[in-house]
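Here is the structure we will look at.
The values are calculated or read from the model by the stated rules, or taken from the named source; none is laboratory data. The structure presented is a predicted model; accordingly, all values stated were derived computationally and were not measured. Here the Cβ is made from the backbone with ideal geometry for all residues, glycine too, and neighbour counts use every protein chain on show. Heavy atoms of the whole protein, side chains included, go into the accessibility calculation; ligands, DNA and RNA do not. Shrake-Rupley method; radii C 1.70, N 1.55, O 1.52, S 1.80 Å.
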Amino acid sequence: MKLICKLCGTLLTLFIGSVIGNASADPLAIVPPVALTTQPVACTSVEQNFGPAPDDEARMAYWEGISGQYVSSLLATPQSTLTFTLAVPEDRRIFPNLTGHSVPYAMIVCYPTSQANTRADYPVDLEGERRVPHMQRNGDKPLWGDAAQRYPVLLYSHGLGGSPLSGAYLETITRFASHGYVVIAPFHGDPRFADVHLDGLDDMVNLFLRGGFDQLVEMQAIRPHSLSAALDMVLAHPDFRDHVDAARIGGFGTSLGGESMMLLAGAELTVGVIPRLHSRPIHKDPRVIAAVGYVPYFGQRLLPAFGDNQAGAAGVTMPFMAISGTADTTAPLGMTEQGVGRMAGSRYVVAIDGLPHTIRIEDLPDIYTWTLTFLDAHLKGDATARVKLARMNQVSGGAADSLLADYTAPSSAAGAAVEFYNTDLQHYFLTADTAEMAGIAAGSAGAGWRKTGYTINAGNLSGTPVCRFYGNPALNAAGIRMGPNSHFYTHSNTECEWVKNDPGWIYEGLAFSAFGAPDGACPLTQIPVMRAYNNDFAHNNSNHRYTTSREMYRSMLAAGWSGEGAVFCVAP
């Protein structure tokens, strides 16, 4: 490969080969599953009178809101259960049937409790296999694991037609609580608003034939409103307000619950199909600062959840992780990738091989590991978790999982190096100079420049300088352009001095600070910045791209660029 000049190509090829070889052995690429915690969990009351629902199927009908029933009708001590009434917003374009109505809701809240908590578990099925742990009864107050601590909050949204007590939901709710979260899980009761299924194209066709599209929109749109109302109640409740951290609120949604998290983040919901697909924002709640969607519903090919080509997801800046299945036909992986690819903030797509639209017991270690690492990084602000998330590709053992898309934005926008792309030159450019950014936006660098949405942390205060060069486009005495009208960055002193001596490149000084990547590897506390080269030396059109995203790096290689591995490192 010829990177800078014909004479230096051989040496750089040898150097870059060693970088790539060492970088592939990243010790954080494959991580062990998170360990089970011994922290006990307790939950608020959902004590019920099972007389009207003597078997599991009948109970589930109430929990899930089937045939006009709802869990509130089974509550044995309604004064002990957390309930609220949602006044449907006055918006007939979104709620043509529900505007002006008030809808009752119930929820369960699970939280870390004391080792001394001797309150009995509460069985909710006939076999006694599904139990609400250490459930409060008869006006009991919460017994906290640490009464002086403010715990982070996880807003939990189950799938279409489910409930916090159905399927594997209760287990996942209590598992997250055991890791130190106060988990808020309302009973959505979706069939109260629309009798729909979203299992594939046939269901979409039947939906339109029955004229149920308006009901589908209402059912989807009311979910984020109910989640915010549940959050309002818990944050104000005297039993919880002094024990939760209102500045650290995250979300976890399964299937349609994943879509609900996107709507809370400001995504626009598809609300019309005639004369074309169009979308509208539904209800943004800025208190939710990071969320995970498990097999999240991003719609079907003919009916994306977030507008035409998922354009309604473009405004989402909240960090989001999608954990999807390669065999999922209800929430197809391709639709999820398309939607997440539209987002602007930190974003990830994890694929579990062969997973249909369900929760498999053998996948739980992978699900929890990805989710808890993400929440530690983007909800708790743990720098170690941010680095781990920016470098991990899979969880060892268990499911065959892989990272399909990733971007970890710098923890602070201050000092970030912003990437631009020129549609005419087909060149990438990186700058940490705010005046230069403003100039590019104003057109001082010529036409065709736009931000790509990718940034790199340039505020590495204890780092050392990165050299910046400009490929001089001026013509030499023979009328040949000297340089490629492109920029090049290096943290290597050897490479920096080398390029200074090439007449085709102009040394522009120090771009920003970073850390070295000896042998193409970064310390466990830093994130690698990888460099790709477009191989266009022959046309004097060399260009390089710098990225922390493994997905983006792979895509450049797939497009024919050469991978040069990690060339420097940055703080998270």
- Answer in debye to the nearest 20: the dipole magnitude of the chain about its Cα centre, from +1 Lys/Arg and -1 Asp/Glu charges placed on Cβ, is 1320
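Quick one: dipole size for the stretch 372-498, taken about the Cα centre, charges +1 on Lys/Arg Cβ and -1 on Asp/Glu Cβ, in debye to the nearest 20.
Numbers: 8 positive and 10 negative charges, 18 e Å.
Roughly 80 debye, rounded to the nearest 20.
Where the only charges are on Cβ atoms (+1 Lys, Arg; -1 Asp, Glu), what is the dipole of the stretch 104-166 about its Cα centre, to the nearest 20 debye? Mind dumping the intermediate values first?
Values: 6 positive and 6 negative charges, 47 e Å.
Dipole about the Cα centre, nearest 20: 220 debye.
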- Taking 0.36 nm per residue of separation and subtracting the Cα-Cα distance, what length does fully extending GLN426 through ILE480 add? 17.4 nm
- Note on the structure: Listed by chain and number, the residues whose amide H is under 5 Å from that of TYR454, excluding neighbours fewer than 5 places away on the same chain and using placed H, are GLU419
- Residue-by-residue Karplus 3J(HN,Hα) for the stretch 340-354, coefficients 6.51, -1.76, 1.60, Hz, glycine and proline x: 5, x, 7, 6, 9, x, 4, 7, 8, 10, 10, 10, 9, 5, x
- Message: From the helices alone, meaning DSSP H stretches of at least four residues, give me the mean residue ellipticity at 222 nm for the chain, per-run term -39500 (n - 2.57), in deg cm²/dmol to the nearest 500.
- Response: -7500 deg cm²/dmol
- Message: Whole-Hz ³J(HN,Hα) for each residue in the stretch 534-543, computed from phi via Karplus 6.51 cos²θ - 1.76 cosθ + 1.60 with θ = phi - 60°, x for glycine and proline: what do you get?
- Response: 7, 6, 10, 5, 4, 9, 6, 10, 4, 8
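Remind me, relative contact order of the chain in percent, using alpha carbon pairs under 8 angstrom and six or more residues apart?
Result for the chain is 12 percent.
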- Please report, as a whole percent, how much of the solvent-accessible surface of the chain comes from carbon and sulfur atoms (probe radius 1.4 Å). 54
- Query: Which of rounded, prolate, oblate describes the stretch 504-564, given a ≥ b ≥ c as roots of the alpha-carbon gyration tensor eigenvalues and a/c under 1.5 marking rounded, otherwise prolate only if a/b is larger than b/c?
  - Reply: oblate
- Specify whether the C-alpha gyration tensor of the stretch 211-319 places it in the rounded, prolate or oblate class, a ≥ b ≥ c being the square roots of the eigenvalues: rounded for a/c under 1.5, otherwise prolate if a/b is larger than b/c and oblate if not. prolate
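Assuming R0 = 51 Å, can you tell me the calculated FRET efficiency for the pair ASP121 and ARG450, based on Cβ-Cβ distance, to the nearest 0.05?
Values: r = 57 Å, r/R0 = 1.11.
After rounding, the FRET efficiency stands at 0.35.
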- According to the square roots a ≥ b ≥ c of the eigenvalues of the Cα gyration tensor, what is the shape class of the stretch 451-515, taking rounded for a/c under 1.5, prolate for a/b larger than b/c otherwise, and oblate for the remainder? oblate
- Note on the structure: Between the modelled labels at HIS237 and THR464 (7 Å from Cα along Cα→Cβ) the distance in nm is 5.6
- Query: If amide H atoms are built 1.01 Å from N in the plane of the peptide, which residues on other chains or at least 5 residues away come under 5 Å of the amide H of THR113?
  - Reply: VAL41, ALA42, GLY145
- Query: Full extension from THR358 to ALA414: what is 0.36 nm times the residue separation minus their Cα-Cα distance, to one decimal in nm?
  - Reply: 16.1 nm
- Note on the structure: Checked against the positive end of the charge dipole of the chain (+1 on Cβ of Lys and Arg, -1 on Cβ of Asp and Glu, about the Cα centre), the farthest of THR369, THR85, LEU461 is LEU461
